[in-house]
Structures are given as C-alpha cells and as structure tokens.
Amino acid sequence: MTKETKSQFDGKPKTFVWKVTINAPIETVWNTLVKTDEVLPFFFGAVCQAQDGLKPGKNMRMASADGKFAIVFGEVKEFKPPYRYSHTMSFTQNEGEDPAFTTYDLKEVRGGTEFTLTTECIPGTKTGKMVASGSFIVDNLKLLVETGKPNFAAKMIMAMGPLMGFMTPKISHIENWPLS
Amino acid sequence: MSTENDMTAIFHALAHETRRRIMDVLKVRPGIGVGELAQEFDVTRIAVMNHLAVLEAAGLVISQKDGRTRRLHLNTAPIQMINDRWLDDFSSHWARKLTGIKYAAEAAHAKSNQAKSKKREGK
C-alpha cells in the first residue's frame, strides 16, 4: 500500500462509484431498478416499499421479503425516469448514524445502457462499511436484466432470508420505520 | 456479460505495475484528484495520465469533473466480472480458504522474522 493509506477524507463524505454497461434498453433497466412491492434479487432479496410510488420528498424503505423487517430506510431525493434515481440511505440497524446518499444514473450508450451507482457516505461509520456492497447491486442488476437470473450469491442470500430474521435487531422491526 | 474485447482491454490495463499501483491508491483514496495521484508516482504527470486513459478505457477507473479538478474512482465491477467468469460458489469457497491460510502463514512468518532480527540487533 502507499504511504498515504491513512485517509485524508476522515469526517468528510467519501464517494464510491460502480459502473457497468448492460445489454438491454434503458427502460428495461429502469423498470428493474425501481420495482416496488416485489423481491429484488439485486438488492439482497429485499422488497422496495413506498407510499404512492417513489417520489421526491417521500420516504422509501427496503423491507425483508417476509415484510417483518426494514433493512434500509431513506428519503427519495430525485426520481427522473428513466435517467436518475437518488435517495438517502440508512441501515435501520445503525440507527442514529448520518445517512449515506445513493444515486443511480442510467444513460443510453451503444450496446445498451450505462448504469452507474454512486454512494456518498461518512467514513468510519458502520453505514460507510456496509455500502461496500455496491458492486453486488451493480453486478446483479446487470446479470438479472441480461439473463433473467440472479447470480448464485444472490440466490443464496434470498434462500437465507427467513433465517436472517433471527439475527436482525429489534430496532429493525418494520413498525419502527413507518413510511409516513 | 462482458465481451472478449472488454476482457482484453481489462487484462491489458491490469498488465502494468504502475497501473495496478494506481488502482491501489484509488482503492484507499477514492475521489483523489489527478494532480495528487501523480505526486504518488516517480513518473511524469503525462505518463500517469496515459495510464489513466488505459484504465478508463477498460472501465477500471471512472473520472468525474469537480470544478477544475478531475476526481478519480476505482470501478470494481469489471473485476467482479472476471471473478464471475471463473469462480463459482464451490471453487471460491475453497480458493478463499487456501488464500486465507496463505496470508495467515505469511503474516506469522514475517512476524517471527521480525522478532529474530530484533533479537540479533539486541545482541
């Protein structure tokens, strides 16, 4: 590693970016990304929930497939089909931490759709460590749109869904995270 | 799926020590500016920019304009796709076990070497 391994960004948000080109039309990618009330293999088998759809200023949450837990809670910041969707993002189990900020950008390019995930988070927070899962989301959304099937790791996580309930802290119970 | 041309570009980009070291720096300092990055290397700024162009063409580096600076990020998605091509869950489980033993043994070996040389210095 370099001599400057210690971060100069301590305390300031750190930005992570992942990008893939997906061999599918932009509408297909968009519709896959913003699906609500359906299990999302690219998002750890969670279900995106919102009241009256995803709209700026409104809350969203990623709930466990059985609907018992809220894994992620956030506020929609931008919703511009089929180009941009952004929201704040807190893992419910890290309650009280500053939220991270996630942006999905879609762009039509030769050969399909360029899909970019950008996450800003405060380094050193638990949320900051957890957003490293960005490549899982980007990678699996690509595979899902192109082949219709999630990858093995995603299938494993979905199969483990009911089991993970035991490990989920009380604070994550869905009734603690109302949408309005 | 990525095409063979994409893969060739990725492996070409990876096949240079300076470019791999650039990726090391971007891993720990996401969002670093081009100038700051160039300071980390003994080669000229132009040489670093040429390496960055190769890395960007392969999709391994993403650059974003921020005022007058160009901020650089490592994109790990292409590396994940290399992984997906040859590793499945079974082989990755065992390969990880093996590399885990390798890292642990090497760390232990380095530690005992350090202790030995300290002892020698003490004599």
If you add up the charges near A:ALA63, with Lys and Arg at +1 and Asp and Glu at -1, over every other residue whose beta carbon is less than 14 angstrom from its beta carbon, what do you get? -1
Dimensionless Rg over Rh [region A:1-151; C-alpha; Kirkwood]: 0.97
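Which whole-number percent is the relative contact order of chain B (Cα, under 8 Å, 6+ apart)?
The normalised contact order for chain B reaches 23 percent.
Using only atoms on other chains, find how many Cβ atoms lie within 10 Å of each Cβ of peptide A:15-27 and report the average.
On the way: counts 6, 6, 13, 8, 9, 7, 5, 0, 3, 0, 0, 0, 0.
For this peptide, the per-residue mean of nearby foreign Cβ atoms is 4.
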Among the lysines, which have Cα under 17 Å from the Cα of A:LYS68 when same-chain residues fewer than 8 positions away are ignored? A:LYS170
Ranking of B:MET7, B:MET23 by count of other Cβ atoms within 10 Å, fewest first: B:MET7, B:MET23
If you average the alpha carbon positions of region A:42-69 and of region B:1-71, how far apart do those two centres end up, in angstrom? 36
Looking at the square roots a ≥ b ≥ c of the eigenvalues of the Cα gyration tensor of region B:1-104, which shape do they give, rounded for a/c under 1.5, prolate if a/b is larger than b/c, or oblate? prolate
Bin by bin, in steps of 10 Å, what percent of the Cα pairs in region A:34-110 do you find, going until the bin that has the longest distance? 20, 51, 25, 4, 0
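Averaged across B:76-88, how many Cβ atoms of other chains sit within 10 Å of each residue's Cβ atom?
Values: counts 9, 13, 5, 1, 9, 5, 0, 2, 6, 0, 0, 1, 2.
Rounded to a whole number, the mean comes out at 4.
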Using the count of nearby Cβ atoms within 10 Å as a rough guide to exposure, how do A:VAL109, B:VAL54 rank from fewest to most? A:VAL109, B:VAL54
Would you please name the trypsin sites (Lys or Arg not before Pro) within region B:1-87 that are DSSP coil residues with at most 12 other C-beta atoms within 10 Å of their C-beta? B:ARG68
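Per residue of B:27-38, how many C-beta atoms from partner chains lie within 10 Å of its own C-beta, taken as a mean? List each step's numbers first, then the result.
On the way: counts 3, 7, 8, 7, 9, 3, 0, 0, 0, 2, 0, 0.
That works out to 3 on average.
I need B:SER63, A:SER180 ordered by Cβ neighbour count within 10 Å, fewest first.
Numbers: B:SER63 17, A:SER180 7.
Fewest to most other Cβ atoms nearby, the residues stand as A:SER180, B:SER63.
Only the coordinates and a few stated rules stand behind these numbers; no lab work does. Please read all numbers here as calculations on a predicted model, not as lab measurements. Glycine gets a Cβ as well: all are built from the backbone with ideal geometry, and neighbour counts include every protein chain shown.
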